[in-house]
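Written out below as C-alpha cells is the structure these notes cover.
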Amino acid sequence: MSIMGTRVIRTEDPLFLSRGATYTDDLTDERLIGALHLTLVRSPLAHARITSVAVDEARAAPGVVAVVTGAEVDMAPALLFGGANKAMVRSFLAADKVRFVGEPVVAVLTEEAYQGQDAADLVEVDYDPLPAVIDLHAAATDEVLLFEDAGTNTSNGFGLDAEFDEHLFDDCEVVVTREITNQRLAAASLETRAASAVWTDGRYTLWCSTQAPQSARDEVAGWLGVDSAQVHVITPDVGGGFGAKIGADPEFALVAWLARHTGRPVRWHESRSENMTGMVQGRSQAQTVTIGGNRDGDVLAYRLDVLADAGAYPRLGAVLPLFTRMMAPGVYDIGKVESRARVLVTTTTSIAAYRGAGRPEATAAIERAMDLFAAEIGKDPVEVRRRNLIKPEQFPFTTKGGAPYDTGEYANALDKVLDAAGYPELRAEQKARRERGEVVQLGIGVSVFVEITGGGAFSEDAAVEVHPDGTVTVLTGTSPHGQGHATAWAMLASEHLGIGLDKITVKHGDTDLVPRGSGTMGSRSLQTGGVAVYQAAGELVELAKQRAADLLEANADDLDVADGRVSVRGTDSGVTLAQLAESEPLRVDTNFDSGAPCFPFGAHLAVVEVDVESGKAVVDRIITVDDAGPVLNPVLAEGQRHGGIAQGISQALLEEVVYDEDGNPLTATFADYAFPSAAELPSFTLLDMATPTHVNPMGVKGIGEAGTIGATPAVQSAVIDAVSHLGVRHIDMPTSPLRVWTAINAAAVEGAQ
Amino acid sequence: MIPVGFEYVRPDSVDGALALLAEHGEDATILAGGHSILPVMKLRLAAPELVIDIGRLAELNYVRVDGDGDDSWVAIGAGTRHRTVESSDVVAAEVPLLAAVARTVGDPQIRHRGTLGGSLAHADPASDLPAAVLALGGTVVLRSPRGERSVPITGFYTGVFSSVKEPDELIVEVRVPRTGAGSGWAYEKFTRRANDWAIVAVAVVDGRVGMVNMGPTPLRASATEAALAEGASIADAAALADQGTDPTGDLTATKEYRRHLARVLTKRALTTAAGA
Ligand SMILES: Cc1cc2nc3c(=O)[nH]c(=O)nc-3n(C[C@H](O)[C@H](O)[C@H](O)COP(=O)(O)OP(=O)(O)OC[C@H]3O[C@@H](n4cnc5c(N)ncnc54)[C@H](O)[C@@H]3O)c2cc1C
C-alpha cells in the first residue's frame, strides 16, 4: 500500500512536545564553551548623523571584554540586495549615519549575558537628528535623502522606463481608480534571531537561525571577504521564519567577525523588542489600481501602479514587486494589463519576504479592483469574477503580466466555496439583516486567486543512503522550520525503499553535509526538494537492482524492491538493501531541476459580522479551496493552510507595523502589535481539490503561502461588504474597529451631501 | 529585556514589608503579581534598588464578608489574585460584577498572577478592576507604620499611574458594598483581541457607571447617572456618558472614537443591567 497521500503524524513532534527543540540560543556545543555574549547598542532615532561615540565607561563596566564601534569594523559596508542602487549600502555597525530605529551602532561583548545591557547603557552616542522619511509618496519626492551619494530615494524599479499607455482605458464604459495600502507587517516568529560563531583553524563555524543555510553561508562569506569554503553554517531547529529568515542578516556576519576579532566564541540572540525593529518586515506597498470594462461586467483593462517600501537598506523586499507585477491580473483574462513599481528607501526597518512575498500584494490589489468595479456597475462581485476567469481550456496560459500559468480550474474552485457556503442563503440573510436595520450586519467576501510557487529557485539537491544497519539517511537542501520535512521527505524515501519511517532520518542545514541547496521559502520545498528526494530514492532502487542482479545472478528487470529488500520476482531469492550496503556504500546523490515555477490557485469565501455601532468586525466563517495538486500528507498540507489563513485573516483585520512621523515604531511590543490568537479566528472549512502540474513528475505545487494570498482579500472584502449598504466602498487594511467606524461616518457625511 | 540589578527580599509579614518600605522609601518597590512592575523593569523604565515581594503573604489573600447586617461589606485582601476574585463563591453571591470584570483581565496566566491590590495600586487608566471598584463605590484600605486609613475610591486616584497612596503605604484591603446577586450589573469591555487591554470599558451596577480609559483616572459617568436618577431613558442617559471625560488618542482609538464608544457601551451595559 502506498504511503503517499496518507495522514502520517509528524515524526518531529514527540521531541518538540517533550524535551523541546534546540534553537540556536539553546546550543550546548563544546566549541561554544566560554563564549562571549553580544549586546548591541541600537539607534533610538530614525534618521541622524552620528557625531560622537563614547565607550570608555562601558569598557570599564563589570564583565566587559570588548566594546566595538563602527569605526573599528573592517568589513566594507554591504549592498544587501544586488539590484539596488549601489550607494545604498549598510554598515555592520553604523559609523556616520543611522537610518532606522534599531540600527546597530555599537557592539558590547561581556562574559555573561546579563552584564551586556548594563554596559550598553553606559555607551554614549551623540546624534544630530535628520528628518524621518516614512510615507512612500514623501520618499518619492527626494526632498530628504537617506543616501546623499545616491542622489535619490529610489532603490530600483520595474517597468519604469516606459510611460503608461494613455489609451489603455479608451474602450471602457466604466473606469474605477483607487489608492490602496498593503500595510507593513512583522513576521514575529516565535524564535527571534540568533547566531553564534567560533573561528578556528582559519575557518568560521556559524550557527544561526535561518531558512536557507547555504545562501547564509555565501552571504556571510561575502561580507567577511572570505571564500565560502571558509564558512561552515550549521542550522539547529528554527522557530519560525515566514520569509524573514531567508539567508543571513548582517548581524550574523558581525557575530562571526567579532569571534575572530576577539579570538573567543561569540553568542548573540535578540530580545523581542529588538526583533520588532531589527528583523526584516514584509509587504508595505502603496498601490494605485485602475480597472475598466463594460456594464455587462467584462473587465477590459487593468493598471497597477506600485510604490514599494524597501525600508532603510534595500533587501529582498526590493525584488518582490517583480512577483506583484507578474501576478497582477490574477485569475482573470484581461485584454490589457499594465503595471510598474518604484522601490523606495524610507527610514524604517528593511522590507523582505513575508509569507506570500509579493503575491498577496498582487491578489489584494486585483481582488479589491474587481469588487470596486462590480460595485460601480451594480453587479454581484461573484458574477463579475466568474465572467472574467481564465477558462480551463485556455491552459497553459500566459498572462499579460508575463506569467506562464501551468494548470488551473478557477471556476470550479469558486463554485466549490460558493456551494459549501450556501452563497444565495448568505445573501438572503444579509438582506434580511439590512432590512431589519440590525446592529450586527453580515458581510460576504470572495477571492479567487492564483499564485506562484518555487519561483526563482527551481533546482534542488538530494541524497539518499541506506546503511548496513538498515537505517536510511536523507540529505536535503531544503531547510524546514516548522513545515514537517522530516516526516514528508521520509515518506518519499519510504515509498520507494519500503523501509519504515522510524528507520529514516532526514538531515539538513549543515553546509558541510549539504553544500548546495536553496532552502525553504516561496512554497518551493516539495515541488523541488521533495521531488529530488523522491527521485533520489527511485534512483537508489535502480542502483540496488543492478548490484543485486550480479549477486543474485538475475536480470535486473526481474527484480522487485519491497520492504527494504530486493528479490527475484516469483522466488524466495533476494538480498536486503542493508546487506547491499555492507560491501560498498549504497548512496545516490541527485539533483532535480523543474526549470519552471508552479501556479497553485484557489478560492476563499469569508463571512464576517460587523457591529456597525462600534465598527468591530469578527470573522464568522472562512471556506477555502487551496489547490496545490496532489497532497503528499494531508496533515501537513492542512497545517500549512491553517497557518496561512490565520495570517491572512490577521492582515485583513489586525496587524500593522506603525511608525509615527518622526520614525518611532509604535508597535514594537506584543501589546501593540496585534497578531491573532485562536480566540480571534473561526474554525476553518477546508475543501479539497487537486489539479496536478506538469512541471514536475509528482504533479505537486506549493501550499505554504496559499492562505495569506487567498484569505486576506476575502476577509477585507467581507468587512467592506458588511457596511456597503451604508455607502462604504473601501477600507484599508487592517480593517480595525476605528477604521470601520470612521468609514461609516465618512460615508454618512458624503451621503448627506 | 534584562532589568537593572536590584536587591530582592520576601518579608514574612505585612509588618515586615511595611518596615522595609519605611526604611527604603522611593528606592523600593512592592512586587505583588509582578505583571505590571516586571515588564516596566525589564524595559528599564523603572530601576528600583530593592524589590519587596509580598506575593506569598497569606494575610493579604482572602475574600470575606465583614461587618454586621446593614453595615456589612465584602473585604478582599490586596494580595488576592484575579483568578480567586473571578472564581470566589462569596464574590459571585455578593458582588457578581467584580467576578465578571476579573474574568476579562488578560488571559488565565495573567489572572493567576495579578492581584487586586496591584491592579489598584498601579493606577493604569486602562485597567479593568479600578473602574469596577469605582462603579461599586468601594474603599481602599492603606496601611503604613503611621497607621491605617480608608480612602474612598472616588478620592484615591490623582492621575495617570498616580494615587494618594504614600510611598510608605501598602494597600492591604479593598472593600466593596454587597450588591447581591440580584443587582442590575453589566460589564462591557471593548477590545480588538480577546486578551487585550480595554480600548474603552464600562461597568454598570445599580445605576452607577464606571469607565475605563476615558481619562487619566477611572471615571464615573456622572451626567448619565444623574439623568438616570431623574428618570431619563437608557438611550438618553447613555448619550451623556462621555460628558466631562478627557480620553486620549492612540493607535487604536481617537479621542472622538473613545467618546463614541463610551456612549455605545454605556447604552449596552445599562440595557443588560436593566434586564438582569
Ligand atoms: C499581558 C498582560 C495583559 C494584561 N491585561 C490586563 C487587562 O486586560 N486588564 C487589566 O486590568 N490588567 C491587565 N494586566 C495587568 C494585570 O492585571 C496586572 O497583574 C495588574 O495590573 C497589577 O497587578 P500585580 O499584582 O501584577 O502588580 P505588580 O506588577 O506586582 O505591581 C504593580 C504596581 O503596584 C504596586 N503594588 C502592588 N501591590 C501593592 C500593594 N498591595 N500596595 C501598594 N502597592 C502595590 C507595585 O509596587 C507596582 O508599582 C495585564 C498584564 C499583562 C502582563
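No value in this document is a laboratory result; all are computed from the given coordinates. What you see is a predicted model; the values in this text were computed from it and never measured. Virtual Cβ from ideal backbone geometry, glycine too; neighbours counted across all protein chains shown.
The figures follow:
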item: Under Karplus coefficients 6.51, -1.76 and 1.60, residue-wise ³J(HN,Hα) of the range A:85-90 in Hz, glycine/proline x; result: 3, 5, 7, 8, 9, 10
item: Gap separating the Cα centres of the range A:632-656 and the range A:504-537, nearest whole Å; result: 23
item: Computed [θ] at 222 nm, deg cm²/dmol, chain B (DSSP H ≥ 4; -39,500 (n - 2.57); rounded to nearest 500); result: -9500 deg cm²/dmol
item: In the range A:434-535, the GluC sites (Glu not before Pro) that fall in loop regions by DSSP, at most 14 other Cβ within 10 Å; result: A:Glu438
item: Other-chain or far-sequence residues with amide H under 5 Å of A:Thr11's (modelled H); result: A:Thr487
item: Taking A:Ile720, B:Ile110, A:Ile351 and counting other C-beta atoms within 10 Å, the order from fewest to most; result: B:Ile110, A:Ile720, A:Ile351
item: Karplus-derived 3J(HN,Hα), 6.51/-1.76/1.60, for each residue of the range B:131-136, Hz, glycine and proline x; result: 5, 5, 5, 5, 5, 6
item: Antiparallel DSSP beta bridges within the protein assembly as shown, percent to nearest 5; result: 80
item: For the range B:5-52 and the range A:57-71, distance of Cα centres in Å; result: 30
item: The range B:7-53: relative contact order as a whole-number percent, Cα under 8 Å and 6+ apart; result: 59
item: Amide proton proximity set for A:Leu586, modelled H, under 5 Å, gap of 5+; result: A:Val466
item: Charge dipole (debye, nearest 20) of chain A; +1 at Cβ of Lys and Arg, -1 at Cβ of Asp and Glu; result: 640
item: Neighbourhood charge, 9 Å Cβ-Cβ cut-off, centred on B:Glu169 and excluding it, Lys, Arg +1 and Asp, Glu -1; result: +2
item: Percent RCO, i.e. relative contact order, over the range B:185-274, from Cα pairs under 8 Å lying at least 6 residues apart; result: 32
item: Karplus-derived HN-Hα couplings along the range B:51-65 (A = 6.51, B = -1.76, C = 1.60, θ = phi - 60°), whole Hz, x at Gly and Pro; result: 10, 9, 8, 9, x, 9, 6, 4, 5, 9, 10, 7, 9, 7, 9
item: Cα gyration tensor shape of chain A, rounded if a/c is under 1.5, else prolate or oblate by comparing a/b with b/c; result: oblate
item: Loop-resident sites, the range A:550-658, for GluC sites (Glu not before Pro), counting at most 14 other Cβ within 10 Å (DSSP); result: A:Glu553
item: Mean separation of Cα contacts under 8 Å (6+ apart) over length of chain A, as relative contact order %; result: 15
item: Over the range B:61-177: Kirkwood hydrodynamic radius from C-alpha pairwise inverse distances, Å; result: 14.1
item: Pairwise label distance in nanometres, A:Ser2 with A:Glu163, each label 7 Å out on the Cα-Cβ vector; result: 5.7
item: Angle between chain B longest axis and helix B:255-275 axis [Cα atoms, degrees, rounded to 10]; result: 70
item: Charge sum, other residues only, whose C-beta stays under 11 Å from B:Tyr8's C-beta, Lys/Arg counted +1 and Asp/Glu -1; result: -2
item: Sites matching GluC sites (Glu not before Pro) across the range B:22-60 that sit in DSSP coil, with at most 14 neighbouring C-beta atoms within 10 Å; result: B:Glu49
item: Alpha-carbon centroids, the range A:312-347 and the range A:732-753: separation in whole Å; result: 29
